[in-house]
Amino acid sequence: MAAKDGFARRHPEDIAAVVNALLTLFLPPAVLMLAASVVPKTSVTVTPERPFSASAWLVLSRLVAILIPLVPFSLIAAWRTRVHARRFREGRGNGWQGILEGGAAGFVAALIVLSYGIATRPMDAWPYVIVYGGGAALLGLTFGLILWATAHLILNRLDAPTELTSGAVSMRYQPKR
């Protein structure tokens, strides 16, 4: 545990921002790897056995291909977490706007993926925008809720009152004034 006057106690919003950035960067690949290991392989194709170095390089290149598109989202998540956490500590907000920003980020990501189809066939694109954009927005809202809960957990843990006030310790975050 950090010292009472350590960096983590003085700047818990920075710790929450770093944790949320790491979650944004590594949680989606972890979920994909878990899903790939759970789903049975039904292919009947035969593949040659590769040497370990080639297999390791293949796994690393696939991981990098997944991580690189997540870097901008990770940086945005860190920045917005820090902003919302600072407002929360100052008593000027509760962070719910961040959850909505997650939904908006998911929707915008879907629009970027669908942009070619929207540009070439705009009249046929609406069902795809609604379904895929709506699904991505719901996924973004869910992920935003996870990040919000993580940030609140960190803020409450690092900024928890250390002395009893009026006979009980409040579990609700008390902003420092």
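The values are calculated or read from the model by the stated rules, or taken from the named source; none is laboratory data. Nothing here was measured: the structure is a model prediction, and the numbers come from that model. Neighbour counts are summed over all protein chains in view; Cβ atoms, including those assigned to glycine, are modelled from backbone coordinates with ideal geometry.
Taking the criterion of being touching an Asp or Glu at 6+ places or on another chain (Cβ under 8 Å) and either modelled with pLDDT of 90 or more or hydrophobic (A, V, I, L, M, F, W, C) (or both), would at least one residue in region 19-29 satisfy it? Checked against the condition, which is being touching an Asp or Glu at 6+ places or on another chain (Cβ under 8 Å) and either modelled with pLDDT of 90 or more or hydrophobic (A, V, I, L, M, F, W, C) (or both), region 19-29 yields no hits at all.
Does residue 136 qualify as being of a type in the set (A, V, I, L, M) and at pLDDT below 95? So residue 136 fails the test. Residues considered: 141, 67. Of these, the only one that is crowded, with 17+ Cβ neighbours inside 10 Å and within 26 Å of residue 154 (Cβ to Cβ) is 141. Residue 124 - would you say it is of a type in the set (D, E, K, R) and either touching a Cys at 6+ places or on another chain (Cβ under 7 Å) or free of Cβ contacts under 8 Å to residues at least 12 places away in the same chain (or both)? Yes; evaluated as a whole, the condition is true for this residue. All conditions in (1) in contact (Cβ under 8 Å) with a residue 60 or more places away in the chain; (2) surrounded by 14 or more Cβ atoms within 10 Å (Cβ to Cβ) hold for residue 136, with the sole exception of (1).
Of all the numbered requirements in (1) modelled with pLDDT under 90; (2) out of contact with any Pro (no Cβ under 6 Å at 6 or more places or on another chain); (3) buried (at least 16 other Cβ atoms within 10 Å of the Cβ), residue 157 misses one, and that requirement is (3).
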